[in-house]
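Student: The structure that follows is given in the form of structure tokens.
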Amino acid sequence: MRGIAAREAPDLALTVDSAGTANYHPGSAPDRRSQAAARKRAYDLSNLRARQVRAADFADFDLILAMDRSNLQELLALAPPAARGKIQLFLDHAPEQPVREVPDPYYGGSTGFEDVLDLIEAASRGLLRRLRTQAPHSSA
């Protein structure tokens, strides 16, 4: 999302972050296979580090996107009631996709990471279209 936004929507001042609902591998870089697939598409993930969702995230971000329904339910359970409206499935922004959940690429065979990138790119572009329509327009 960060890479697509920087290239395709630099006019939108977005802050993009990533966190998991579980505390797996805190501080670790993304899986080497994920980094390799991303690098083929000119995305650099080397500076990313795993972290768990924090209570402050629900106040700090306007939108929190879940990759699958399990994470959606976990985020809804963690969120204060006033923040629950900020939580959505990421692929709801890619209605043309035949799936609603981003699968875990670790078990997706040789194309798992590529397939996940396809879904993430589609949802990212869909979300950027939505944000553009909602952005305040300046008059000169």
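Student: So which of 74, 121, 101 ends up being farther than 23 Å from residue 9 by Cα and either in a helix (DSSP H, G or I) or at pLDDT below 95 (or both)?
Tutor: On the way: 121 fails: farther than 23 Å from residue 9 by Cα; 101 fails: either in a helix (DSSP H, G or I) or at pLDDT below 95 (or both).
Step by step, each of 74, 121, 101 is checked, and only 74 is farther than 23 Å from residue 9 by Cα and either in a helix (DSSP H, G or I) or at pLDDT below 95 (or both).
Student: Something else about it: Just the residues that are surrounded by fewer than 16 Cβ atoms within 10 Å (Cβ to Cβ), part of a helix (DSSP H, G or I) and free of Cβ contacts under 8 Å to residues at least 40 places away in the same chain, please, taken from the stretch 104-118.
Tutor: Selection gives 107, 109, 110, 111, 118.
Student: Which one is farthest from the chain's Cα centre (by Cα), of the residues in the stretch 67-76 that are over 23 Å from residue 111 (Cβ atoms) and touching a residue at least 40 places away in the same chain (Cβ under 8 Å)?
Tutor: Looking at residues that are over 23 Å from residue 111 (Cβ atoms) and touching a residue at least 40 places away in the same chain (Cβ under 8 Å), I get 74.
Student: While we're here: If you check 70, 34, which single one turns out to be of a type in the set (Gly, Ala, Ser) and in contact with a Phe, Trp or Tyr (Cβ under 9 Å, 6 or more places away or on another chain)?
Tutor: Details: 70 fails: in contact with a Phe, Trp or Tyr (Cβ under 9 Å, 6 or more places away or on another chain).
Answer to the check: 34.
Student: Between 38, 79, which is small (Gly, Ala, Ser), buried (at least 18 other Cβ atoms within 10 Å of the Cβ) and more than 15 Å from the chain's Cα centre (by Cα)? Please lay out each step first, then the result.
Tutor: Values: 38 fails: more than 15 Å from the chain's Cα centre (by Cα).
Unique residue meeting the criteria: 79.
Student: May I ask you to list the residues in the stretch 77-90 that are in a helix (DSSP H, G or I), in contact with a helix residue (DSSP H, G or I) (Cβ under 9 Å, 6 or more places away or on another chain) and of a type outside the set (Gly, Ala, Ser)?
Tutor: At the first step, the residues of the stretch 77-90 found to be in a helix (DSSP H, G or I) are 77-78, 81-86, 90.
Now drop any that are not in contact with a helix residue (DSSP H, G or I) (Cβ under 9 Å, 6 or more places away or on another chain), which leaves 78, 82-84, 86, 90.
Residues satisfying the conditions are 78, 84, 86, 90.
Student: Applying the selection to the stretch 1-54, what residues are more than 18 Å from residue 107 (Cβ to Cβ), basic (Lys, Arg) and assigned to a helix (DSSP H, G or I)?
Tutor: Hits for the stretch 1-54 are 2, 7, 39, 40.
Student: Something else now. I need the full set of residues from the stretch 1-23 which are among the small types (Gly, Ala, Ser), under 17 Å from residue 136 (Cβ atoms) and surrounded by 13 or more Cβ atoms within 10 Å (Cβ to Cβ), in order please. Reasoning before the result, please.
Tutor: Of all residues in the stretch 1-23, those among the small types (Gly, Ala, Ser) come to 3, 5-6, 9, 13, 18-20, 22.
Narrowing further to those that are under 17 Å from residue 136 (Cβ atoms): 9, 13.
Selection gives 9 alone.
Student: Exactly one condition in (1) closer than 20 Å to residue 42 by Cβ; (2) at pLDDT 95 or above is not met by residue 92; state its number.
Tutor: The number of the failed condition is (1).
Student: Name the residue that is surrounded by the fewest Cβ atoms within 10 Å (Cβ to Cβ), counting only residues in the stretch 60-71 that are in a helix (DSSP H, G or I) and of a type outside the set (D, E, K, R). Before the answer, list the steps.
Tutor: So in the stretch 60-71, the residues in a helix (DSSP H, G or I) come out as 60, 69-71.
Next, only the ones that are of a type outside the set (D, E, K, R) stay: 70-71.
Working: 70: 11, 71: 21.
My answer is 70.
Student: Could you say which residue among 31, 44, 57 is acidic (Asp, Glu), under 21 Å from residue 112 (Cβ atoms) and surrounded by 13 or more Cβ atoms within 10 Å (Cβ to Cβ)? Break it down into steps so the answer makes sense when it comes.
Tutor: Working: 44 fails: surrounded by 13 or more Cβ atoms within 10 Å (Cβ to Cβ); 57 fails: under 21 Å from residue 112 (Cβ atoms).
Result of the check over 31, 44, 57: 31.
The values are calculated or read from the model by the stated rules, or taken from the named source; none is laboratory data. No experiment lies behind these values; they were computed from the predicted model shown. FYI the Cβ positions are ideal-geometry reconstructions off the backbone, even for glycines, and counts take in every protein chain you see.
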